[in-house]
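Step one of this worksheet: look at the structure below.
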Amino acid sequence: MRLLVCAVFFAIGGVLTENDWWKHANFYQIYPRSFKDSDGDGVGDLRGVMEKVGYLKHELGLDAIWLSPIFKSPMADFGYDISDFLDIHEEFGTIADLEALAAECKKQNLKLILDFVPNHSSDEHEFFKKSEAKDPEYADYYVWHPGKLLANGTRVPPSNWISVFRGSAWQWSDKRKEYYLHQFVAKQPDLNYRNQKVVEDMKNVLRFWLGKGVSGFRIDALPYLFETQAVNGVYPDEMKSGDTDDPDNPAYLVHTHTQNLDETFDMVFQWRAVLDEVKAAQNSEDLVLMVEAYTSLANIIRIYGNDQQEGAQVPFNFEVLSYTYKHSTGKDFYDNIKRFLNVLPSNRFANWVLGNHDNKRLASRLGVERADLYNIALNTLPGIAVTYNGEELAMEDVYIPWSETVDPAACNSNPRDFLMYSRDPARTPFHWDATTSAGFSTNPKTWLPVSPYYKQNNYKLQTMAPRSHVKIFKTLLRLRKQRTLREGTFDMKLLNDNLIVYKRELADVSTIVVILNFAKQSQTVNLSEAFDGLPLEFEIVTSSMQTNYVDGSILDRDQVPLPAEAAIVLEGKVTNGV
């Protein structure tokens, strides 16, 4: 087989301590509205999550879970519009329920991470009402401006800035007679981080929930925290991008004044300092910051921090998620991996993300036939894995018609184009079994419709099958606990445009080899041509559903056939095989 000269090698050894729990963890994102409904109202809740802690920890083998927003909210954007940062939304439960969940997670050694939504609040938050009323203590708690007065006397927004959810990012307040900034929906006014009271109040939000037993936070929408300051009362317009002719589309502008300002990264450092202070005070294990930032790779690396200041331990690596498509080749995937590893500082840990509540499900976006391949890659690459709930089952998106669409990103468009924007298809209820509403709820009517195919694909059915996606996933998570994947070296090669192979090795322990076949046809790999000093034989740890391999059987290293779009994980005892 022709061997391309593309290879990347990393040494990842080191002695692990209890504080290192996050460095090789699989973090599992739970979308609480859709995970498990305990009270039959058709909406998932905290008690539902608590019912499944055993599933999460002992059946799957996860290290940590993080919950999408559960705070008090009028639900204009399903919890991302928070009216009280220090309370739980009644649909999800109470603070007592959260404390009980945190205690149960701690008992079972499962870390609990909460969403932190710092960029904005709901317009129903008490502080916004005070700000709108020009209460002196809160007058500039949000970003306000009287707007521009045209020659004909018409008052218009102060700049051309566009909301993520389309249209102007400025909303007129009849009460205050000024515009307020909202980079998301109009009911989500932006907090003003140039006000030190805002900064301290939001740090206190972190301290409050850490006091309830959580182990860290996932920070939402980081790039939007700061905007360019007005000069002489004037906010600058942003330049047109040339990418679209639609003036309401956020892609219409280049967001140099509203995203990724330097102050944003300093704020991450300040939040990390809060977590480290609490850790020291509690004498606890590491408390973790995860950060959502759809931004350049250079900015993602900045979020890690520097020699002077610690940043987030897990700035989500969206390079793979953003640039891997249904028909991506092995070389495409290899390049995505390598691009991130090539700039990763030596004292930081990689992370791999292939799905979340804002993107089409992995099986729908990248192909159900490749679902196992990507889960295998996600869990055997060095560092941290992040899994969206349902990916272990290869759940697919559910078609939600315009009449049942609830996502504001879609509702702000139109019946013709809404599917381009809707995130509802990836947020539908989890498939537990073949009973009413897929075992998610006893209520036949759920907040979003359950997939019509849940009886053909659910957790109970997959556990009963001889082989299944979830059984492969469980095997991978057991393997992640072994020292070789946590401490071993990483040597990756591209054998041809659609074949990736990498070796994870720890001296005197084992050698693990992973083969990813992106081709539309089967390929046979001779591993001894790819790597020197391999064991003569390998045991099959797991492989994609397309294969007929039996876990635990022995395979010749010089003859590894692999079906189209399949992957395999092999393990051999370290020897001086030739």
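The values are calculated or read from the model by the stated rules, or taken from the named source; none is laboratory data. None of the values given here were measured: they were computed from a predicted structure. Note: ideal-geometry Cβ built from the backbone for every residue, glycine included; neighbour counts use all protein chains shown. Accessible surface areas use protein heavy atoms only, side chains included; no ligands, DNA or RNA. Shrake-Rupley method; radii C 1.70, N 1.55, O 1.52, S 1.80 Å.
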Inset, instruction - Using amide H atoms built 1.01 Å from N in the peptide plane, name the residues 5+ places from Ile384, or on other chains, whose amide H lies under 5 Å from its own. - result: Ala350, Asn351, Trp352
Inset, instruction - Can you tell me the 0 to 90 degree angle between the C-alpha axis of helix 196-210 and the longest principal axis of the chain, rounded to 10? - result: 40
Inset, instruction - On a C-alpha basis, how far is the centre of region 450-475 from the centre of region 379-403 in Å? Whole number, if you could? - result: 14
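Taking GluC sites (Glu not before Pro) that fall in a DSSP loop and have at most 11 other Cβ atoms within 10 Å as cut points, what is the longest piece of the chain between them? Walk me through the numbers on the way to the answer.
Numbers: sites that count: Glu90, Glu137.
Looking at the chain, 138-578 is the longest stretch - no exposed GluC sites (Glu not before Pro) with at most 11 other Cβ atoms within 10 Å.
List the relative contact order of region 191-308 as a percent without decimals, with contacts defined as Cα pairs under 8 Å and 6+ residues apart. Write down the numbers at each step before the final one.
Working: 119 pairs, mean separation 38.6, N = 118.
About 33 percent, as a whole number.
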Legend entry - Net +/- balance of residues flanking Asn375 in space, Cβ distance below 9 Å, scoring K and R +1, D and E -1: -3
Legend entry - Distance (nanometres) between label positions extended 7 Å along Cα→Cβ at Gln309 and Lys520: 5.0
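Roughly how many debye, to the nearest 20, is the charge dipole of the chain about its Cα centre, given +1 on each Lys and Arg Cβ, -1 on each Asp and Glu Cβ, and no other charges?
Working: 60 positive and 78 negative charges, 161 e Å.
Using Cβ point charges on Lys, Arg, Asp and Glu, the chain gives about 780 debye.
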Legend entry - Under 15 Å from Lys279, Cα to Cα: aspartates and glutamates that are on another chain or at least 8 residues apart: Glu18, Asp20, Glu310
Legend entry - Largest to smallest principal axis extent of the C-alpha atoms in region 475-578, angstrom: 37, 27, 21
Inset, instruction - Take region 353-477, drop everything but the C-alpha atoms, weight them equally and run the Debye formula without solvent; then report log10 I(q)/I(0) at 0.09, 0.12, 0.19 Å⁻¹ to two decimals. - result: -0.27, -0.48, -1.06
Inset, instruction - Just flag the trypsin sites (Lys or Arg not before Pro) in region 84-177 sitting in loop per DSSP whose Cβ has no more than 13 other Cβ atoms within 10 Å. - result: Lys175, Lys177
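Of the accessible area of the chain, with the probe set at 1.4 angstrom, what percent is carbon plus sulfur? Display every interim value, and only then the final one.
Numbers: 11500 of 22480 Å².
Carbon plus sulfur share of accessible area: 51 percent.
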Legend entry - Backbone HN-Hα couplings from phi across region 474-484 [Karplus 6.51/-1.76/1.60, Hz, Gly and Pro as x]: 4, 4, 4, 5, 5, 5, 4, 6, 6, 5, 4
Legend entry - Over 26 Å [Cα-Cα, region 209-338], rounded percent: 40
Legend entry - Percentage, to the nearest whole number, of Cα pairs in region 503-548 over 15 Å apart: 52
Inset, instruction - Treating cross-link reach as a plain straight distance, find the aspartates and glutamates whose alpha-carbon is under 17 Å from the alpha-carbon of Lys129, omitting any fewer than eight places away in the same chain. - result: Asp81, Asp84, Glu137, Asp140, Asp174, Glu178, Asp190, Asp201
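How big is the charge dipole of region 101-260 about its Cα centre, in debye rounded to the nearest 20, if each Lys and Arg gets +1 on its Cβ and each Asp and Glu gets -1 on its Cβ?
On the way: 20 positive and 22 negative charges, 120 e Å.
Dipole about the Cα centre, nearest 20: 580 debye.
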Inset, instruction - Take region 378-448, compute every pairwise Cα distance, and split them into 10 Å bins from 0; I just need the percent in each bin. - result: 18, 37, 30, 14, 1
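With +1 on each Lys and Arg Cβ and -1 on each Asp and Glu Cβ, how big is the dipole of region 418-575 about its Cα centre, in debye rounded to the nearest 20? Mind showing how you got there, number by number?
Details: 19 positive and 16 negative charges, 197 e Å.
It comes to approximately 940 debye.
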Legend entry - Gain upon complete extension [His58, Asp135; 0.36 nm per residue less C-alpha separation]: 22.6 nm
Legend entry - Convex hull volume of region 308-420 per residue (C-alpha atoms, cubic angstrom): 136
Inset, instruction - Normalising by the residue count of the chain, find the relative contact order in percent from Cα pairs under 8 Å and 6+ residues apart. - result: 15
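Can you flag which of Lys338/Lys573; Lys36/Lys481; Lys52/Lys471; Lys52/Lys445; Lys36/Lys187; Lys52/Lys72 are past 19 Å Cα-Cα? Could you put the intermediate results ahead of the total?
Working: Lys338/Lys573 27 Å; Lys36/Lys481 27 Å; Lys52/Lys471 17 Å; Lys52/Lys445 21 Å; Lys36/Lys187 28 Å; Lys52/Lys72 23 Å.
Pairs exceeding 19 Å: Lys338/Lys573; Lys36/Lys481; Lys52/Lys445; Lys36/Lys187; Lys52/Lys72.
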Legend entry - Within straight-line cross-link reach of Lys331, lysines at Cα separation under 20 Å, skipping those fewer than 8 residues along the same chain: Lys493, Lys503, Lys520
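Out of the DSSP beta bridges found with both residues in the chain, what percent are antiparallel (nearest 5)?
On the way: 51 of 76 bridges.
In the chain, approximately 65 percent of DSSP beta bridges are antiparallel ones.
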Inset, instruction - Before rounding to the nearest 500, sum -39500 (n - 2.57) across all DSSP H runs of length at least 4 in the chain and divide by the residue total; then give [θ] at 222 nm in deg cm²/dmol. - result: -6500 deg cm²/dmol
Inset, instruction - Would you mind getting the accessible area per residue of the chain, heavy atoms of the protein chains only, 1.4 Å probe, in Å²? - result: 39
